[in-house]
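Novice: Quick one: the structure is below, and I'll ask about it shortly.
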Amino acid sequence: MTRKVIKKMALLAGFLLLTSLTVFASEGNYNPDPNFAQVKSVRMVYRTDGRWDVHVAVFHNDEGWNHYANVWQVVDSVTGEILGERILAHPHDTEQPFNRSLTGLAIPGGVREVRIRSRCNLHNYGGREITVKIPGDLIKGSTTLIQE
């Protein structure tokens, strides 16, 4: 095989992986009020070591230390187990929505769907979550872009 053919095959495989992942918001069962932390978008990158880098955009009506989005989590959709979380250590009053990352997350091989959820220190959970379906035929080192 020539390099050109190999390159085309790799691009096609990457495209198929990108299109095979689906994302949807939890329908109808969340409070859209910006006083609840809303997950706006998620980007997950599957690394060559088999771990994930997860990049999340959150929107919330941060109002200083008494009311701000203080965490987002990656949760196994089937078991409810928290697979990873990013603590948000301070308010983001002037940065909305804001993006934060969690790198090197190990997602067990049998997990095929995760939910990304966020909470605030006053209202807890209840805002928009995003669910990500993870295909079984992942290619290490491929990038997956997931949007709202």
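What follows is calculated from the coordinates using simple rules that are stated; it is not laboratory data. Model, not experiment: these values are computed from the prediction. Cβ placement follows ideal geometry from the backbone for every residue including glycine, while neighbour counts extend to all protein chains displayed.
Novice: If I model a spin label as a point 7 Å beyond the Cα along the Cα-Cβ vector, how far apart are those points for Leu122 and Glu81 in nm?
Specialist: Computed distance between label sites Leu122 and Glu81 equals 3.6 nm.
Novice: Can you give me the distance in nm between label points at Glu113 and Thr94, each placed 7 Å from the Cα along the Cα-to-Cβ direction?
Specialist: 4.2 nm
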